[in-house]
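Structure record follows, encoded as structure tokens.
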Amino acid sequence: MTLALRSLRTALTGMALAAAAFAASAQSAGELNLYSARHYQTDEALYENFTKATGIKINRVDADDAGILARLRSEGAASPADVILLVDAARLWRAEQEGLFQPVKSKLLEERIPAQLRDKDDGSGSAWFGFSTRARVIVYNKQTVKRDDADTYEELADPKNKGKVCTRSGSHPYNLSLFGSLYEHLGAEKTEAWMKSTVANMAREPKGGDTDQIKAVASGECGIALSNSYYVARLMRSTKPEDREVMEKVGVIFPNQATWGAHVNVAGGAVAKHAKHREAAVKFLEYLASDDAQRYFANGNNEYPAVPSVKVANPALDALGAFKSELIPISVVGANSARVQQMLDRAGYK
Ligand code: FE
């Protein structure tokens, strides 16, 4: 073979390889249908970066958690959903029970996401993975309540706090998960007794969201309330004078620091049961565990990254400081949330 011929042949082989590689990437590129209950400003960058890195286009269906679940149920096997993002272990657990997810086995996700922040793995993989965390904190009115009287969840039920406690509805997933956590730490009997005594301590019937509880604590209508940490952080970062005033009046406590630690929950993701783009869906979950995506995902809602080595620069979270979190698996909390639900009626917890 002459030199010219050989180099022509090399060139042709190179072209064939390049063409094959292009075909492969065009094939794997494609798209991904994402049903998301999370909507934050940083989402755009989060999704764009994934498309830039993989060529996979993301089609989004934005709804709240209940809307997404209703849609998945009615679509059944015809659902175009590939990836589902939901908030709180109580909801993730329910969706898994309803058969809306499929298990994912991923070495990368197992390495990056701590075991207690994902669904149990019986060998075939986990049905869902937590990608950010939030603590259920106690806020108190600094003028009417002593910090020492409200630094554990148990104290919400203590007679010394009569007429002071406010929470959103007991059947909201954030509270069901907290009660599910208490169930794990205290047992069934004590948890139900705790519920009854907490109801007896209430300043008013449960109403509104977590932010409403914080504002009612600041106004003095309530002395002590429960809130997810990101609502506190959001008010701390607000430039509105009325929000600044609210945060001057309330103190924030990460409860149970001397015992099991603050209740921590997750926002998580899963591959849909009937995903048509399974490979892309797993790739997307793995992307969410990357350093950059972790920062976008967590910081967009003033949450903590699920991957322990990732740190976010967030002035409110910095000001709140480090804390001890409970270590029971969040999947156990989710399962318990169904057990405590039936206690609400007996306890009179609205
Ligand atoms: Fe929320």
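The values are calculated or read from the model by the stated rules, or taken from the named source; none is laboratory data. This one's a predicted model, so the numbers in the text were calculated from it and none came from an experiment. Please note: Cβ atoms are built from the backbone with ideal geometry, for glycine as well, and neighbour counts cover all protein chains shown. The area values use the complete protein model at the heavy-atom level, side chains included, leaving out ligands, DNA and RNA. Shrake-Rupley method; radii C 1.70, N 1.55, O 1.52, S 1.80 Å.
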I'd like to know how the chain sits against the 2.2 N^0.38 Å rule of thumb: what's its Cα Rg over that expected value? 1.16
Please give the peptides 65-78, 165-178 ranked by average Cβ packing (other Cβ atoms within 10 Å per residue), highest first, as a rough proxy for protection. 165-178, 65-78
Putting +1 on Lys and Arg Cβ atoms and -1 on Asp and Glu Cβ atoms, find which of Ala157, Leu182, Phe131 reaches farthest to the positive end of the dipole of the range 116-225. Ala157
Report the equivalent ellipsoid semi-axes for the range 115-175 in whole Å, largest first, defined as the square roots of five times the eigenvalues of the gyration tensor built from alpha carbon atoms. 35, 12, 11
Globularity ratio of the range 272-341, using Cα Rg and 2.2 N^0.38 Å: 1.42
Solvent-accessible surface (1.4 angstrom probe) belonging to Lys240, in square angstrom, nearest 10: 110
Return the Rg/Rh value of the range 215-350, two decimal places, where both radii are evaluated on C-alpha atoms and Rh is the Kirkwood radius. 1.02
How far is helix 3-29 tilted off the main Cα axis of the chain, in degrees rounded to 10, range 0 to 90? 30
Once fully extended, how much extra length lies between Gln143 and Arg60, figured as 0.36 nm per residue of separation less the alpha-carbon to alpha-carbon distance? 25.3 nm
Would you mind checking the radius of gyration and Dmax of the range 58-215 based on alpha-carbon positions, in Å? 18.8, 56
Can you give me the solvent accessible area of Glu154 with a 1.4 Å probe, rounded to the nearest 10 Å²? 60
Taking the Cα centre of the chain as the origin and placing charges on Cβ (Lys, Arg +1; Asp, Glu -1), which of Asn314, Ile58, Ala335 is farthest toward the positive end of the dipole? Ile58
